[in-house]
Every structure is written in C-alpha cells, then in structure tokens.
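Trainee: So that we are looking at the same thing, I have put the structure below in structure tokens.
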Amino acid sequence: MLKKNNMLVVIAFSAIVISSICAQNSVTQLRLSDSKKQHIGVSEKSSLRLISDSTEQFITEGKLKFRDFNKNNKLDLYEDYRKPAAKRAKDLLSKMTLQEKLVQLQCTFYKKTNLFPNNNFDIDQARQLYSNGLGGILRASDGGKVDVPEKDPNPKSLAMNTNQAQHFFINQTRLGIPVLFVEEGLHGMMIKNGTLFPSALGMSSSWDDALTKKVFETIGAEASAIGARMVLGPVLDLAIDPRWGRTEETMGEDPYLTARMGVVKVKALQGDATVSGGRKIASVLKHFGAHGQAEGGGNTGPVIISERQLREVNFKPFNAAIKEGGALGIMPNYNEINGMPAHADHWLLTDVLRKEMGFKGVVISDYNATQEILDMHHIVSDTLGAAVKSLSAGVDMELTDNITYKQLPAAMKQGKISVNEVDKAVLQVLELKFGLGIFEHPYVETDTTNRVGSDEHREVALQAARESMVLLKNEDNVLPFDRKKYKKIAIIGPNADQCILGGYSKMPGVQVTPLQAIKEKYNDVQIVYAEGCKLGVQKSKSIYAAVKMPTIEQNNKLIAEAVEAAKDADAIVLMLGGNDKISREAVATGIAGDLADLDLLGGQNDLINALKKLKKPTAAFVFSGPPIAFANLDESVPAIVQCWYLGQETGYAVAETLFGENNPSGKLTITIPRSVGHLPAYYYHKPSSRVRGYNLSNKKPLYPFGFGLSYTKFEYSGLELSNAAIKAGESTVVKVTVKNTGDRKGEEIVQLYIRDEVSSLTRPVKELKDYRRISLLPGEAKVISFTVTPDKLSFFNADLKEVIEPGDFSIMVGSSSEEYQTVRLTVK
C-alpha cells in the first residue's frame, strides 16, 4: 500500500488496476480474419536472440550432459537432473552461505527496474545488487518502469531480458542458482500485447470447465513464452460481500463451484507437474484465509468468522486445489482472521495448510503484507518482529524488495529465529525451482513469443466472452434484435464505446468496444450513438488516482443529447454499469476501491428514466466488476444482459449477442441483491436468515445464484434416484431429463443442490453440489445423471469432525438455486 513509513513508500498487493488504460487509450479495431496481418507484436520479423550453450560450462557423463552450476568441474548431486528434487535441494542447501540462503527468500519488485533500464538488462547493476543470487523477480514484464504500461517491453524483448538475466544468475553467481520469474495471470498474462480474457467472475458465469481449461492452458502458454515460471492466480476467495472492490477477481460466492473451477485452472496452468523435464509453471492460489468477507466489504479489513465456517466454506476451494490440483504456490490474505493477521498465523499456514491439507509448495507473501504485520495490524513493535512472525508462521518468500526479511540476520543473532527455520523456507524455494525444471530449462526457446496474443488465443478469448454473458430478462423476446425490423438503432450509454478489461490488465494487442464491433459487423443497420452520461473518471493518469464523479449539470446535458439522438430510432441499446475506476482494489489509505453503494452511479438512473419516456424497444447490457443492484433498470426495460468485464474481445461478443449470432448461456455465480441494504445476499444462508425479511421491502434478491436465461427454452422432467434409501458412506445416482422446447440450439447449465433436512447443527437451506453444462438442439432431450457421493452429504459437527448424519436429505435439480425439482433421499 502507498503508505509512508520512515520515508519508505510501500505499494501494496497487486494493485494494478491498470485496466483503465483500455478506456483511456484509443482502441485497435480488428476483425479476427484480418488479425494475422495487423496484430501487434506478431508481425515483427526479428527473431529472438537466444543464449548460446557455448557460453556456459558443462560436464559430460557418458552420453549425458549436465550444467556445471558451481564451475568446479565435477558433477555435484544438485547438478544431476536424474536425482529427486528434494535430494538436490538438500545438497545445494548444504553448500550455501547464510547470505546465499537469505536472498532466495526475496522476490524483488521495484528494484527490478534497476536491472532493466530502458527495457534492457544491465549486467553491471545485476553484479552490484545480486552477486549472491536472488529468489525471484516479480513482473519483469514492467521492464524499466513500473505501472507505465505503454513503456513495457514487447514479448520478444521481455523474453530476451529474462534470458539475459537468467544467464547472469547461472554464470556469474557462485552456485549458479537460477532466478524465478513471477508474473500476474488472473485472467490473462498481465503483459504488453498479451491475451486478456473475461474477468474471473465473468468467466465463472460460463460454468464451462472445458473452456476454462482451454483459457488457462492459453495463459500458461503465454507465461512460458516470456520465461515466467510462477503465475499469481487463480483467486479462490469467495465474494461474500460484493461491496468489496476485488469481487471481480473471484469466481463468485459458492465454495463448490469455486473449488471445481479452481482445480481446472490450476491443472491447466501448471500442466502435469509430475512430468520430468520440460518447462513447468507454478500456480499461486490467492488469498488463503477468508479475504472476500471482510468487515464492511473493505479490502484488508478484519474477518471475524467461526472455524466451522472457515472449514466448511472458505477453505474448501483451497483444499481441493492443493489435493486434486497439485497447486505449487500459496499466497495468504492481507486480513486478520479472528485477531491474527494471516501472514503471522502459524495455525493457518502450518497446522492447516501444510499438516492438514498436505501443501508441499512455496508460501509467498502478498505485496508487503509481512511488513503490514507492523504497519497495519500492530501486533509487533518493529520490522524485526514482523520478520520473526512471518517466517515462524510459514511464509517462505517475501514479496517485495526485502523490506521485512532483511531483518532476519539480526533476528538470528538475537536468537529469535533459528538456522533450521531459515533452512526450511529456503528448501521450499529450492525444491520448487528444481521441480519446475528451471535448472535444466532456464531459457526461453526459439520464437515462442509469437504465440502471445495470437489468432488462436484470440479465438479462445472471444468464446470465453460469449459464454460469460448472462441473459437476466427478456420480456416479449425483445432480444435478439431483428435487423429487418430495427433499421435504425440508438446505442446509448457510458460503456458503449469502452473496452473495460478490469483489474490485473495491461495493454492487449487488441481491444474492441461494443460500438466499434456493431458498426463493423452489422453495417446494414443505421447506428446513432450518444454517451448519455459519464461515470467516474480519475483526476490524473496514475492508476492510483482518486475518482471524480461528473456534476449533475454535465450529465443533464449528455442525457438531453441522448434523448434527442434516440427519438427517431426504432430501438435502443443501453450500455451501462460501472467500471474499474469506480470499483477496484483499494490499494492504500486514501486510495479507495470498495463501494458503499451498489446502485447504478453517475446519473445512469436519470438517463434510464428519460429514455423510458420514449417507449422504444430497449435492451440493456450491464458491464461491471461486482453485481450492481439495478432495481430501477429492472423495472424500466424489458431485456437485460449482465456482461461483467468481457476482456479484449468485448465488442464482438456483445454485438453477436445483440443480433442473435450468439445465444447467451451463462448463469450467475453470485447473487444480484435488491440493494446494498439487503446484504448479505448469498444463497446458502441458514434457515433462520431472511425469515421475516425487511419492512417495506421485498426480501428476495433481484436475481438469484445460478439464474440465467437463453434465447430458447428448457424443460425439466422425470427427476428420480437410483436408490432413495442408502447407508452412510454409500452413493446414489440422481437422474433428470432436460429438453430444449424452443426453436433454436442452446446450452443449459443443470444444477444439483442438497439440503440436510434435520441435523445436529443448523445447515444451509441448500448447497450446490454438482453441475453440468449441456448443449441441446431444438426438440432434443437428454438424461443427465449426477452421483450423490458421501462427501456431498457431510458437514462438520460440534467437535469439528466431518460426519454424515442419518436422516432425510432434499435432492434438488434445476436451472437455478430457486427453480428446481425435488426428491427425498434417506440416509440410514
């Protein structure tokens, strides 16, 4: 966070809401068919200069060749790639000085700009700063400037820089330990010209495991192409309070869906981590603990929560991603949990994470979160105390710039940290480096950077954007628009000519707005455009700048212009919502990002009310990070599509959906509340919650979890169990028939929910326990089966033991958390 402490400016985690560039800069409009000729970065003819093996020292044993990292002309155990990573790490550790050990616990961020001035590697600076080596470099993609995306190196230059830096660490440090290049990859690599996909919340709305796999394989390929070996992501936090500015980074409110999609993302990103040799990538799960339900929805705020809730809800996605996905990295959350900051919590990071979940990888701190044990949480009196707390709790690597861990030598001298504790952390880092194959494959090979932002990757991004949209309302089948009927269409709204990428974005080679794509693809329709009103704009170009809202007078003028433009139109398309300046990561005191109001801001309701008087057929497309409580919009227009942030191909996906080339198939993975006063609104509440509701208000949400319409219709029938009575520990199969009763092909997401009817402790009214995405032709029917396994019936009892209690369970299958059929299962 940007806070001053002894004149040191500290920037907090992941900030990095660089996506505003998309709205601030001119947009490159490209047809997919033309992109081979015009795509930025792909047409460069210069080949990537590789580091030659002739500059390095090798040892030959028979037909095998080994790199002589310590240049002693003999094959040490750690240099022998035939040996297990754990043994190699122990051998290397035994040869290291204390200083060589401690630098492996550093991951530099701001100081890396000294290594890459003018986007070129500076070997003299490397010798001066890192003669003993270095653990990792965060975002080498920034080059010589941090958070100035237009000055970032292109992928080819970036790959060359990583090769040259790696060559220095291997050949000009005593033990030749390669460095770990770390990059952000929440919804695409945060690099210049990289492919940017929909926000995590948008992508989760597809409920499409196969497409999610393809997206994260693409992210992994682009990471590998630039030399990155650790990617920060995915985020497995649950969006319990959507006022939180980082809601867009999550996969929604549900632990089961987040767990399932989290496993898919980790496996796709890392590949098969058991394969020997080759270039592997470590996925870092964010942010272990309970980041998404801080007090008041405030980023980094305190979390007061029961251990049962942690185990049954918040820990579930992390546990699955570790045990099933084999995640190699973990990042704790900034927050305190029940009085203990996560980065100082031995119970959380050692007892639960390592001993119970069996995590074997590296725990890397959030940006400067180790220092915030002192600066924000105040549970220690100095930086030395923060270093002791963090390392003792189980934080292996500090991010960033050695602010806290530079005190470890003093802590060891005072006897507050032992050599064994340091060695344990260093071993984790070394084992990861050996396991990833960095010692054997340290350099980027051939011109692999050509794949970054390629046509193939653009196609994946477009499909992801198509499936991320959720059709919420479509009275009288207003959508899709008939171009023969509506010859003149008014495109109105502050988001019509914006391509909002969201947080953790930079400058993809292509950015297409809805207005551009509609004009390009459907030139048989006359388009009139008016902005209608303005949303928040930043006071300066800095991504950390405060947001300024327009005056009423400014918006009234724009509203009048919009009404005038729409008067003669046959239909209106509203493009509303929020943007990534209004709702964003709150990175520091005075640099807010969380919201107190979830309604449409900046005069948008006045715009809606003015246009409603024209009585034109109207469809609204809502772009936002978190869900928006748009009650007035819901009452005013017949058709609404929730778009979230759709990535670089935003325009094409919106245009295709507007005119029916794309049949929307997404479903909500987070509840849309009626107002901020109705929070919390997540669907798996306890039976006593919301029983009486609020006076003078509807207690139901605007749109429930799992909800989403299509341009066709689906019918459910014949729900049955293969065995309606089972013993605890047995399984049963539930079947349902789903039929497409409409006149066009469509995709439906079939959802399974379960409720324990009577239990020794209160249980949620329902919990998602499985889902299936299916495609049906008009008139086609399919029988869908789910297996109800014992883990779907269990919960933590009063002793925090996971048990299955005998009794009746409601098995619910349907199209959302509020539309389903029910059968009864008895467990004996």
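The values are calculated or read from the model by the stated rules, or taken from the named source; none is laboratory data. What you see is a predicted model; the values in this text were computed from it and never measured. As a convention, Cβ positions derive from the backbone with ideal geometry for all residues, glycine included, and neighbour counts pool all protein chains shown. Calculation scope for accessible area: heavy atoms of the full protein, side chains included, ligands and nucleic acids excluded. Shrake-Rupley method; radii C 1.70, N 1.55, O 1.52, S 1.80 Å.
Trainee: Please compute the length gained on full extension between Thr826 and Tyr110, using 0.36 nm multiplied by the number of residues separating them and subtracting their Cα-Cα distance.
Mentor: Here the segment from Thr826 to Tyr110 would lengthen by 251.8 nm.
Trainee: Could you tally the net charge around Pro84, taking each other residue with its Cβ under 15 Å from the Cβ of Pro84, Lys/Arg +1 and Asp/Glu -1?
Mentor: Details: positive: Arg82, Lys83, Lys87, Arg88, Lys90, Lys360, Lys433; negative: Asp76, Glu79, Asp80, Asp91, Glu431, Glu440.
Here the count lands on +1.
Trainee: Using only alpha carbons, build the gyration tensor for the stretch 111-168 and give me the equivalent ellipsoid semi-axes, biggest first, whole Å.
Mentor: 18, 11, 10
Trainee: Let me ask you something else. How large is the convex hull of the Cα atoms of the stretch 667-768 per residue, expressed in Å³ as a whole number?
Mentor: So the per-residue hull volume is 149 Å³.
Trainee: Using amide H atoms built 1.01 Å from N in the peptide plane, name the residues 5+ places from Phe181, or on other chains, whose amide H lies under 5 Å from its own.
Mentor: Distant-sequence amide H within range of Phe181: Ile137, Arg229, Met230.
Trainee: Okay, moving on. No solvent, one uniform scatterer per C-alpha: report log10 I(q)/I(0) for the stretch 159-235 via the Debye equation at q = 0.14 1/Å, two decimals.
Mentor: Log10 of I(q)/I(0), two decimals: -0.52.
Trainee: Lys616: which aspartates and glutamates have alpha carbons under 15 Å from its alpha carbon, excluding same-chain residues fewer than 8 sequence positions away?
Mentor: Partners within reach: Glu475, Asp476, Asp482, Glu564, Asp568, Asp570, Glu635.
Trainee: Ignoring any ligand, DNA or RNA, what whole percent of the accessible area of the stretch 170-235 comes from carbon and sulfur when the probe is 1.4 angstrom?
Mentor: Ligands and nucleic acids excluded, carbon and sulfur give 51 percent.
Trainee: Rounded to two decimal places and with Rh computed the Kirkwood way over Cα pairs, what is Rg over Rh for the stretch 612-652? Could the numbers behind the result be given before it?
Mentor: Details: Rg = 11.9 Å, Rh = 11.6 Å.
For the stretch 612-652, the value is 1.03.
Trainee: If the only charges are +1 at each Lys and Arg Cβ and -1 at each Asp and Glu Cβ, what is the size of the charge dipole of the chain around the Cα centre, to the nearest 20 debye?
Mentor: It works out to roughly 560 debye.
Trainee: Given the C-alpha centroids of the stretch 321-385 and the stretch 432-452, what is the distance between them in whole angstrom?
Mentor: 29 Å
Trainee: Let me ask something else. With only alpha-carbon pairs counted, each pair once and no self-pairs, how large is the Kirkwood hydrodynamic radius of the stretch 267-391 in angstroms?
Mentor: Every distinct Cα pair counted, the radius reaches 15.2 Å.
Trainee: Which whole-number value in Å² is the accessible area per residue of the stretch 108-228, probe 1.4 Å?
Mentor: Dividing the accessible area of the stretch 108-228 by its residue count gives 25 Å².
Trainee: Report, ordered by chain and residue number, the lysines lying within cross-link reach of Lys828, taken as a straight Cα distance under 20 Å and ignoring same-chain residues fewer than 8 apart.
Mentor: Leaving aside lysines fewer than 8 places away in the same chain, those within reach of Lys828 are Lys727, Lys792, Lys801.
Trainee: Which distance in Å, rounded to a whole number, links the C-alpha centroids of the stretch 65-138 and the stretch 627-655?
Mentor: Rounded to whole Å, the Cα centres lie 49 Å apart.
Trainee: A further question follows. Over the Cα atoms of the stretch 736-800, what radius of gyration and what Dmax do you get, in Å?
Mentor: Cα-based Rg and Dmax for the stretch 736-800 come out at 16.4, 54 Å.
Trainee: Would you mind telling me the share, in percent, of accessible area of the stretch 391-537 contributed by carbon and sulfur at probe 1.4 angstrom?
Mentor: Working: 2190 of 4910 Å².
Taking all protein chains in place, the stretch 391-537 shows 45 percent carbon and sulfur surface.
Trainee: If you don't mind, another one. So what's the Cα pair-distance distribution over the stretch 67-152, bin width 10 Å, in %?
Mentor: 16, 35, 29, 17, 2
Trainee: Could you compute the FRET efficiency for Ile527 and Ala781, with r as their C-beta to C-beta distance and R0 at 41 Å, rounded to 0.05?
Mentor: FRET efficiency, Ile527 to Ala781: 0.55.
Trainee: Counting only other residues whose beta carbon sits under 10 Å from that of Asp594, what net charge do I get with K and R as +1, D and E as -1?
Mentor: Local charge sum for Asp594: +1.
Trainee: Rounded to the nearest whole Å³, what is the per residue volume of the convex hull around the Cα atoms of the stretch 429-529?
Mentor: Dividing the Cα hull volume of the stretch 429-529 by its residues yields 180 Å³.
Trainee: Pro778: net charge of surrounding residues, Cβ under 12 Å, Lys/Arg +1, Asp/Glu -1, itself excluded?
Mentor: Residues near Pro778 contribute +2 overall.
Trainee: Next up: Can you give the accessible area of Val263 in Å² (nearest 10), computed on protein heavy atoms with a 1.4 Å probe?
Mentor: The value for Val263 is about 10 Å².
Trainee: Ok, one more. Please list the radius of gyration and Dmax for the stretch 528-659, considering alpha-carbon atoms only, with Å as the unit.
Mentor: Calculated on Cα positions, Rg and Dmax stand at 15.3, 48 Å.
Trainee: If the limit is 26 Å between Cα atoms, which of Lys485/Lys534; Lys90/Lys416; Lys286/Lys782 go over it?
Mentor: As for pairs spanning more than 26 Å Cα to Cα, those are Lys485/Lys534; Lys286/Lys782.
Trainee: Quick one: helix 209-225 against the long Cα principal axis of the chain, what's the angle to the nearest 10°, folded into 0 to 90?
Mentor: 40 degrees
Trainee: If you don't mind, another one. Might you tell me the accessible area per residue for the stretch 605-676, computed with a 1.4 Å probe and given in Å²?
Mentor: Heavy-atom SASA per residue in the stretch 605-676 reads 22 Å².
Trainee: Same structure, new question: How much space per residue, in cubic angstrom, does the convex hull of the C-alpha atoms of the chain take up? Don't jump to the answer; show the numbers that get you there.
Mentor: On the way: hull volume 139.1 nm³, N = 828.
Value for the chain: 168 Å³ per residue.
Trainee: Tell me, what are the semi-axes, in whole angstrom and largest first, of the equivalent ellipsoid of the stretch 512-596 as set by the roots of 5 times the Cα gyration tensor eigenvalues?
Mentor: Largest first, the stretch 512-596 gives 31, 17, 10 Å.
Trainee: Apply 1/(1 + (r/R0)^6) to the Cβ-Cβ distance of Ile552 and Lys487, taking R0 = 45 Å, and write down the FRET efficiency to the nearest 0.05.
Mentor: Values: r = 35 Å, r/R0 = 0.77.
My answer for the efficiency is 0.85.
Trainee: Follow-up. Roughly how tilted is helix 155-171, in degrees to the nearest 10 and between 0 and 90, from the longest Cα axis of the chain?
Mentor: Helix 155-171 and the main axis of the chain meet at about 30 degrees.
Trainee: Sticking with this one: With angles folded into 0 to 90 degrees, how steeply does helix 455-468 sit against the dominant principal axis of the chain? Use alpha carbons for both and round to 10.
Mentor: With both axes taken from Cα atoms, the answer is about 50 degrees.
Trainee: What is the percent carbon and sulfur in the accessible area of the stretch 66-113, measuring with a 1.4 Å probe over the protein chains and ignoring ligands?
Mentor: Its accessible area is 51 percent carbon and sulfur atoms.
Trainee: Between Thr741 and Asp791, what FRET efficiency comes out of the Förster formula 1/(1 + (r/R0)^6) with R0 = 35 Å and r the beta carbon distance, rounded to 0.05?
Mentor: Here the calculated transfer efficiency is 0.50.
Trainee: Using only Cα atoms, what Kirkwood radius does the stretch 64-208 have, in angstroms?
Mentor: 17.0 Å
Trainee: Please report Rg (one decimal) and Dmax (integer) in Å for the Cα set of the stretch 625-676.
Mentor: Using the Cα atoms of the stretch 625-676, the pair Rg, Dmax is 12.4, 35 Å.
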